[in-house]
Amino acid sequence: MSLASEIKLGIQSYSFRKFTFREALKFIADLGLKYVEAYPGHLPPKKEEVEKVKEICHEYGVKVVAHGVNHMPPDKEALRDLFEFAHSLGIEVLTADPDPNSFDLLDELVDEYQIAVAIHNHGPGHRYATVESVLKAVEGHSELIGMCLDTGHLARAGEDPIDAVRRLKRRLHSMHLKDVNKERRDVVLGEGILNFKGLFNSLREMGVINKVIIMIEYELEPENPLPGIKRSLDYIISLLKA
């Protein structure tokens, strides 16, 4: 799948949360994709996990390009351990829910390691539910601190992902692709109300489509997610080809 090499398109491994990490990587490889965002339940951010994960990733030809969601407290030692773990695996983005008083420490670490921190919006009621809340939090801080835009959660918060891309610009580091219906419940990508064609056009207009890590996150049918993920992926590929 040549398009997968042109953009960083993959799967958030939470989509396969009822399976092992090895099984998740095999599914992803069989889908023709080369990238995964590992969630901590599959891959705890510990040094002793690194060599084993490298072997599995090499076996299936899948790169751990992002990791999260990670809570980030104002604890320099704990944060440095997290960044060291990410650096050792070649991770480019740490998806995060950072405490408001952690940003000065994060400024130092993102610049030192050149690993982005992407704040994940977790829907209505979350402290980073909206684009404005993220932009306010990162104001005055390194551009490497930005957002992981979850399209489904943003829609549930009453915001437009297309507008979000235009507002975030270079602070958009990654995306979790979800679609929702009129009741704001998750559905297969392309079967809901979100305008993904417009979303990809915005990514191109902002010049970030080849920079942003784009992950399909399918939370439905955890016991058998592959059919829904395949339909979602086929839809996204059809848009990219267009």
How much of the accessible area of the chain, probe 1.4 Å, is carbon plus sulfur, in whole percent?
47
Only helices counted: for the chain, with every DSSP H run of 4 or more residues adding -39500 (n - 2.57) and the sum spread over all residues, [θ] at 222 nm is -12000 deg cm²/dmol
Please compute, for the alpha-carbon atoms of the chain, the extent along each of the three principal axes and give them in descending order in Å.
43, 40, 31
Hits in the stretch 174-204: amide N under 18 Å from the 7 Å Cα→Cβ extension of L220, namely 176-197
Selection of trypsin sites (Lys or Arg not before Pro), the stretch 148-242, meeting DSSP coil and at most 13 other Cβ within 10 Å
K182, R185
Using only protein heavy atoms and a 1.4 Å probe, report how much of T151 is accessible, in Å² to the nearest 10.
0
In debye, nearest 20, what is the charge dipole magnitude of the stretch 1-76 about its Cα centre with +1 on Lys and Arg Cβ and -1 on Asp and Glu Cβ, if you could check?
100
Test of understanding: express the Cα radius of gyration of the stretch 149-198 as a ratio to 2.2 N^0.38 Å, with N the residue count.
1.07
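Find how much the distance from E139 to K52 grows on full extension, using 0.36 nm per residue of separation minus their present alpha carbon separation; answer in nm with one decimal.
That works out to 27.5 nm of additional length.
Could you give the C-alpha radius of gyration of the stretch 1-104 expressed as a fraction of 2.2 N^0.38 Å, taking N as the number of residues it contains?
Dividing the Cα radius of gyration by 2.2 N^0.38 Å gives 1.09.
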Given K8/K63; K8/K197; K136/K178; K63/K241, which pairs have Cα atoms separated by over 19 Å?
K136/K178; K63/K241
R0 of 25 Å, Cβ-Cβ distance R17-R231: FRET efficiency to nearest 0.05:
0.85
Calculate the dipole size of the stretch 42-169 relative to its Cα centre from +1 charges on Lys and Arg beta carbons and -1 charges on Asp and Glu beta carbons; express the result in debye to the nearest 20.
380
Using the Cα gyration tensor of the stretch 154-240, the equivalent ellipsoid's semi-axes, largest first and to the nearest Å, work out to 22, 15, 11
Take each of the peptides 213-220, 131-138, average the number of other beta-carbon atoms within 10 Å over its residues, and list them starting from the highest.
213-220, 131-138
Using 7 Å Cα-to-Cβ label points, what is the D75/S238 separation (nm, one decimal)?
4.7
In square angstrom, what is the accessible area per residue of the stretch 1-122 with a 1.4 angstrom probe?
43
If I model the stretch 18-78 as equal point scatterers sitting on the Cα atoms and use the Debye formula, what is log10 I(q)/I(0) at q = 0.18, 0.20, 0.23 Å⁻¹?
-0.64, -0.76, -0.96
Specify the inter-centroid distance of the stretch 66-88 and the stretch 43-62, based on alpha-carbon positions, in whole Å.
16
Could you give the accessible area per residue of the stretch 157-200, probe 1.4 Å, as a whole number in Å²?
45
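The values are calculated or read from the model by the stated rules, or taken from the named source; none is laboratory data. Just so it is clear, the model here is predicted, and its values are computed rather than measured. Cβ atoms come from the backbone with ideal geometry, glycine included; neighbour counts cover every protein chain shown. These area figures cover heavy atoms from the full protein model, side chains too; ligands, DNA and RNA do not enter into them. Shrake-Rupley method; radii C 1.70, N 1.55, O 1.52, S 1.80 Å.
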